[in-house]
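Derivation of every value follows stated rules applied to the coordinates shown; laboratory data play no part. Bear in mind that the values here come from a model prediction, so they are computed numbers and not experimental data. Because the Cβ atoms are built from the backbone with ideal geometry, glycine has one as well, and the counts that use them run over all protein chains shown.
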Number of protein chains: 2
Amino acid sequence: MATTMRPIRDTVPFDEAVARILEHTPPIERTERIGLDVAMGRVLAGSITSQSDVPPFDRAAMDGYAVVAEDTFGAGRYAPRSLTCVETVYTGAVPTRALASGQCSQIATGAPMPDGASAVVMVEETERDADTVRIFTPVYPGQHIGRKGADIGVGRAVLSAGTVLNPSRIGALAALGLLDVDVYAQPRVSVLSTGDEIVEPGRPLDPGQIYDINRFTLGSIIPLHGGTVSRHPTALDDLDALSDALDACLTDGDLVVFSGGSSVGERDLILDALTAKGEVLFHGIAVKPGKPTVFGRVGRTPVLGMPGYPTSCLSNAYLLLVPMLRHMARLPRHQPVTRTLPVGQRIVSTTGRHQFYTVRIENGLAVPAFKASGDITSMSQADGYIEIPAQTDLVEKGETVDVKLF
Amino acid sequence: MATTMRPIRDTVPFDEAVARILEHTPPIERTERIGLDVAMGRVLAGSITSQSDVPPFDRAAMDGYAVVAEDTFGAGRYAPRSLTCVETVYTGAVPTRALASGQCSQIATGAPMPDGASAVVMVEETERDADTVRIFTPVYPGQHIGRKGADIGVGRAVLSAGTVLNPSRIGALAALGLLDVDVYAQPRVSVLSTGDEIVEPGRPLDPGQIYDINRFTLGSIIPLHGGTVSRHPTALDDLDALSDALDACLTDGDLVVFSGGSSVGERDLILDALTAKGEVLFHGIAVKPGKPTVFGRVGRTPVLGMPGYPTSCLSNAYLLLVPMLRHMARLPRHQPVTRTLPVGQRIVSTTGRHQFYTVRIENGLAVPAFKASGDITSMSQADGYIEIPAQTDLVEKGETVDVKLF
């Protein structure tokens, strides 16, 4: 029996790996038109210029009385001005009476201002008796009026291409009367677990088999960062099977993520399948865990081969796949919620490797949650993670670290 | 014409409003079984106890050779031990040979350990010539082995009820072979805009009309905090219409959110509709903007009446609806991404009212983005907001504030 194992001898530094991944990951160009109802978090593909005024007419900004401002000059608590109310203007209605000096119209917030009126007196500053309204305060011209176009004027650039839509931006588009909007498509991520031992959950295990974990962890994280998941059946560790699986992934993926098959075993064949169809851009990263990671491309489609170990696969998803996917989706860099805390005990790290280290938060301290390599519980029981750079080999007890919360 | 406007004279302090809302908002009791594929962010309704061992068998943690550990004692770079390789054990396969002293089996990471083997020597520490393998390092019993059940043992409590699922927790459930999981249902939020002037986007405006904004802003924010949106058609400002709309909202909502109709105009009738069917718990909050907010309930269903102004409605969504919804969805308190920055200019606030203030981040400074009351662009162009407590009336230029990013 003559077999050859292929250890990873050269690794690329973590920062360089990220840079090389981003360099070879093209931002998505495909666009689509979607309803405003489902546009949250999406990225505008074109600039939006207003075709109308918001508000579309001069309107009352307060409940009260529309007045000719000059009629109120000199009014005070003990020197009210009396005006005659000629009409009530409800919101959604149209005034029928223009105001002359000495007249006012009762008006609701948001209702159109009558012609001739130049200000609104708040209801709290008035008293009414039949059609006579006493005004206890002066108002200046324009007071308590929302001017036509003051919020958004016709022809104004409202949102530029590349803007990520949030609730208030969606509100601004609704204010313009838009029902749908052109956005960049979300990258489709083909996710595939490889390995003869990998079985779908829900079936019994035969000896030597384990359940697929990676497609669930990857499938959970991808939609949070602008991607959609295209799921492919588990592939066996066989060059033909992997090659066929890669072809299938390439037909419907903007990005292909394999897990398993990129380590050093003789039967780890992702590297061969990728070399045959495209190019390998690096194999092996100076990161812990997650070293046996391969990155390449077929045509313009990036292919990321993740380690099979669930913790390594998931830590690399946080460190590599998230920035890659957000770059492709045209989203800004991820800003995890972070707590700066002292570490509860000394942490020894591996010099020369960028380390992903899970921690729990206990009594205001970041406490290592790491159990053993590959243990999913070391991540599922953690509150977050810290990153220890390659040049750091020790974090002393009490030193502060930035804990990125899961 | 005899009409009565009803100013809001008494307001509840902001903190008390939040406390009262939470007190009268019951956490959801309904549960449902969903696939692991769609379980991200959901809340476990029951505890999960492992029915199996993870890993399900002793397995190699490295590519290399399974050995009897004692055979390697004393091995070194210049004093290798020679062993005879009797088999190759691939991942997903089952060993057919038990090892005796002097023997080894080539083994891949994740493959089951042969009987008799007690450790794995990494491939990097070996050299092979036909069936003879030279071992250059000693290993201790158990080294580079993942023990059966070491990650998760049979009968172990894996995740407790109330846990929010994240990628690694979903991974832990997949490791157990689960396909679906019992979670709390997501609160259904009935969203309704009221007002005679409110028109659906996509149609032309008649005089005095404006487009509905609030259902889009609320509809964008609700799914981010564990709720689903049940949309209802815009209701006219008419007691019968509002009453019918409230009935419709109550039939399919765990929580009802109205916008508009809770201010002081004579035709603001939410208060009347709510009083007729249930109870008003408060009307008016010492918050700016967003004062004209009503909270009540019909039976056990909470009803939140938001101001019609889009900015007031949305700021109250951040300040009141988000904590309310997360409480109902059994999610932990929201942790917005926050930047602590000096303010770029003096900000004058209203004493006695908790203020929501939009800011842009410019050159590391928090700069006011507020334009005019109700202007949606003051929010859509902002990067985030600060909160100024009721007892603070001034934030001096250069003082630091916590900017919560949108």
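Sorting A:PHE295, B:PHE136 by the number of Cβ atoms found within 10 Å of their own Cβ, with the fewest placed first, yields B:PHE136, A:PHE295.
Across the copies of the chain, B:ALA276 has label points (7 Å from Cα along Cα→Cβ) spaced 7.4 nm apart, shortest distance listed first.
Over all Cα atoms in the protein assembly as shown, the spread is summed up by Rg and Dmax: 32.4, 112 Å. Using the Cβ-Cβ distance between A:ASP131 and B:ARG231 with R0 = 45 Å, the FRET efficiency computed as 1/(1 + (r/R0)^6) comes to roughly 0.60.
Among complete DSSP H helices in chain A, those whose alpha-carbon atoms stretch at least 18 Å along the helix's long axis and whose mean Kyte-Doolittle hydropathy reaches -0.5 are A:239-252.
Give the calculated FRET efficiency between A:ASP37 and B:THR338 to the nearest 0.05, with a Förster radius of 22 Å applied to their Cβ-Cβ distance.
After rounding to 0.05, the efficiency reads 0.15.
Partners of A:LYS288 within straight-line reach, counting lysines whose Cα lies under 16 Å from its Cα and excluding those fewer than 8 residues away in the same chain: A:LYS371. Taking the inverse of the mean reciprocal distance over all distinct Cα pairs, the Kirkwood hydrodynamic radius of region B:338-405 comes to 11.8 Å.
In terms of other Cβ atoms within 10 Å, B:SER105, A:SER378, B:SER380, A:SER50 run from fewest to most in the order A:SER378, A:SER50, B:SER105, B:SER380. Using only the Cα atoms of region B:283-333, build the gyration tensor, take square roots of its eigenvalues as a ≥ b ≥ c, and label the shape rounded, prolate or oblate: rounded if a/c is under 1.5, else prolate if a/b is larger than b/c, else oblate. Note, shape of region B:283-333 comes out oblate. Could you tell me which residue out of A:PRO307, B:GLN143, B:GLY92 lies farthest along the dipole of the protein assembly as shown toward its positive end? Charges go on the beta carbon: Lys and Arg +1, Asp and Glu -1, centred on the Cα centre. Sorting the options by dipole projection puts first B:GLN143.
DSSP finds beta bridges in chain B, and of those with both partners inside it, around 70 percent are antiparallel. Chain A holds its axis-closest Cβ, relative to the rotation onto B, at the residue and whole-Å distance A:VAL337, 3. Sorted from shortest to longest, the distances between the B:ARG97 label points of this copy and the other copies are 10.6 nm, with each point 7 Å from Cα along the line through the beta carbon.
Label point of B:ALA130 (7 Å along Cα→beta-carbon): distances to the other copies' equivalent points are 12.4 nm, sorted ascending.
How much length, in nm to one decimal, is gained on full extension between B:LEU365 and B:THR350, taken as 0.36 nm per residue of separation minus their Cα-Cα distance?
3.2 nm
For chain B, modelled as a GNM whose springs connect Cα atoms under 10 angstrom apart, the maximal fluctuation among B:GLY384, B:GLY149, B:GLY284 occurs at B:GLY149.
Peptide B:95-107 has a mean of 1 when you count, residue by residue, the C-beta atoms of other protein chains within 10 Å of its C-beta.
Determine, from the Cβ-Cβ distance of A:GLU279 and A:SER47 and an R0 of 35 Å, the FRET efficiency 1/(1 + (r/R0)^6), rounded to the nearest 0.05. Spell out each step's value before the answer.
Values: r = 37 Å, r/R0 = 1.05.
That gives a FRET efficiency of 0.45.
Between B:ARG203 and B:VAL94, the contour length at 0.36 nm per residue exceeds the Cα-Cα span by 32.5 nm.
Taking H placed 1.01 Å from N in the peptide plane, check which residues at least 5 places from B:GLY384 or on another chain put their amide H under 5 Å from its amide H. Result for B:GLY384 returns B:VAL359, B:PHE406.
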